[in-house]
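To start, the structure itself, in structure tokens.
Nothing in this text is a laboratory measurement; each read-out follows from the coordinates by a stated rule. All values derive from a computational prediction rather than experimental measurement. Every residue, glycine as well, gets a Cβ built from its backbone with ideal geometry; the counts of neighbours run over all protein chains shown.
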Amino acid sequence: MSTTLLTHLSTLVTNDPSLGQGPLGLIEDAAVVIEGDRIAWVGPAAGAPAADTVHDAHGRAALPGFVDSHSHLVFAGDRTAEFNARMSGQPYKAGGIRTTVAATRAADDRTLGDNVARYLAEALRQGTTTLETKSGYGLTVEDEARALRIAAEHTDEVTYLGAHIVSPDYADDPAGYVDLVTGEMLDACAPYARWIDVFCEKGAFDGDQARAILTAGMAKGLHPRIHANQLSYGPGVQLAVELDAASADHCTHLTDADVDALAHSSTVATLLPGAEFSTRAQWPDARRLLDAGATVALSTDCNPGSSFTSSMPFCIALAVRDMGMTPDEAVWAATAGGAQALRRTDVGRIAPGARADLALLDAPSHVHLAYRPGVPLVREVWRGGVRTG
């Protein structure tokens, strides 16, 4: 396999403390050697080995490609009117999901697939090289399986979320819908998915329903993750820890016991600041979680209703400004943290053996992601050893 040397990197975030300074494993005046789709060597530019091709980074900073571990990209339609009303004073209610369900059911496969591809390309241009996405806007056996089949054509990280809300078709029979989600729908969807998720929240699914849904998925070989404690206090976080879920996502309303449970578990607290930004809701307290020792990830929650952004740099800036994170912590959470939320060791870091996913910034430091919010700093993206931009 041919090798490529990326050199003259002003600073390099490796996320491997054995390779550089501090938790981010920072190396100044750095270089990286890519062989095939993997990282072959990392270190100071002065000691870089020879390679078949040399790529001059011209003093740009580099960091691992972002790992976005929570999105909802298989959808059709638009909720501009809902957003406009919310920004005009109406509170956010999860029932708006029904609007997207109707539009998604009515869309053909090509429309849904084109949408997924468009938003993935949009995210890639902003440095995201690994992205999870979910079903949840079909809520019938056929439409949920279709959503997952389409998602699986674009990413390996696919999540079955038949339990997004109770289907409008079962408004008077939520128990019957849980039976469908854990039975015929699960059978149809499991072959396309790696994960199973549930929206454990008032107005969606309670703790007992969520446990039944997740354990049914686990029996089919799917790994659990959970929408937990977004709109109110509830059992979601404790259930996530009990089931060793890879992540509890949102984590806005936490008791001391919830924080302690996360801190003493392998479950990642995935925070989604785009949702709070777009709903004017209470910000998650990342500082409280970090100080307790919990592992924190950042993700976009890209969806048409409550967080219509695919920008991980934007979420980093929000986390630093409004959630108590330092720039270093936010960058780690958006890369290595996301990798842990997907239980991946091959992404979220720049170290020998890892997948060659890098984002190069038009800036001398990763700190500029928070220092210059809203500026398109990602100049180049390398994914699997291939330069995409």
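What angle, in degrees between 0 and 90 and rounded to the nearest 10, separates the Cα long axis of helix 312-322 from the longest principal axis of the Cα atoms of the chain?
80
For the chain, what does the relative contact order come out to in percent, with C-alpha contacts under 8 Å and a separation of six or more? Intermediate values should be presented prior to the final figure.
Working: 977 pairs, mean separation 76.0, N = 389.
Normalised by residue count, the contact order of the chain is 20 percent.
Can you grab the distance from the C-alpha centre of the stretch 308-330 to the C-alpha centre of the stretch 356-381, Å, no decimals?
13
Taking the chain, how much of its Cα-Cα pair set, in percent, is spaced more than 26 angstrom apart? Please report the intermediate quantities before stating the final value.
On the way: 37676 of 75466 pairs.
Pairs farther apart than 26 Å: 50 percent.
Please report the net charge: other residues with Cβ closer than 13 Å to the Cβ of THR3, K and R +1, D and E -1.
Details: positive: ARG38; negative: GLU35, ASP37, ASP52.
Local charge sum for THR3: -2.
Can you compute the charge dipole magnitude of the chain about its Cα centre, using +1 on each Lys and Arg Cβ and -1 on each Asp and Glu Cβ, nothing else charged? Give it in debye, rounded to the nearest 20. Display every interim value, and only then the final one.
Details: 30 positive and 48 negative charges, 149 e Å.
Computed about the Cα centre, the dipole is about 720 debye.
When only Cα pairs under 8 Å and 6 or more residues apart are kept, what is the percent relative contact order across the stretch 168-226?
Numbers: 52 pairs, mean separation 22.2, N = 59.
The value is 38 percent.
Give me the angle, in degrees from 0 to 90, between the Cα long axis of helix 141-152 and the longest principal axis of the Cα atoms of the chain, rounded to the nearest 10.
0
Can you give me the Cα centroid spacing of the stretch 49-102 and the stretch 142-182 in angstrom?
21
Over all directions, how big on average is the projection of the convex hull of the alpha-carbon atoms in the stretch 124-265, in square nanometres? Walk me through the numbers on the way to the answer.
On the way: hull surface 35.1 nm².
Answer in nm², one decimal: 8.8.
Please list 3J(HN,Hα) in residue order for the stretch 353-366, calculated via the Karplus relation 6.51 cos²θ - 1.76 cosθ + 1.60 where θ = phi - 60°; whole Hz, with x for glycine and proline.
x, 6, 5, 7, 10, 9, 10, 9, 9, 7, 6, x, 8, 4
If R0 is 30 Å, what FRET efficiency do you get for ALA81 and GLU184 from their C-beta distance, rounded to 0.05? Spell out each step's value before the answer.
Numbers: r = 34 Å, r/R0 = 1.14.
Efficiency for this residue pair is about 0.30.
Hey, what's the per residue convex hull volume over the C-alpha atoms of the stretch 20-90, in cubic angstrom? It would help to have the intermediate numbers written out before the result.
On the way: hull volume 15.9 nm³, N = 71.
It is 223 Å³ per residue.
State whether the stretch 54-188 is rounded, prolate or oblate according to the following rule on the C-alpha gyration tensor (a ≥ b ≥ c being the square roots of its eigenvalues): a/c under 1.5 gives rounded; otherwise a/b larger than b/c gives prolate, and the remaining case gives oblate. Walk me through the intermediate numbers first.
Details: a/c = 2.38, a/b = 1.60, b/c = 1.49.
Because a/c hits 1.5 or more and a/b exceeds b/c, the stretch 54-188 counts as prolate.
What list of ³J(HN,Hα) couplings, whole Hz, do you get for the stretch 15-28 from phi and the Karplus terms 6.51, -1.76, 1.60, once you set θ to phi - 60° and write x for glycine and proline?
6, 10, x, 6, 9, x, 8, x, x, 7, x, 5, 10, 8
Helix 207-219 versus the longest principal axis of the chain: what angle, 0 to 90°, nearest 10, using Cα atoms?
Taking the Cα atoms of the chain, the angle to 207-219 is about 60 degrees.
At a threshold of 8 angstrom on Cα-Cα distance, excluding pairs fewer than six apart, so keeping six or more, what relative contact order does the stretch 135-196 reach in percent? Spell out each step's value before the answer.
On the way: 84 pairs, mean separation 27.3, N = 62.
Relative contact order of the stretch 135-196: 44 percent.
Tell me, what is the FRET efficiency for GLN282 and ASP56 to the nearest 0.05, using R0 = 51 angstrom and their Cβ-Cβ distance as r?
Working: r = 46 Å, r/R0 = 0.90.
It comes out at approximately 0.65.
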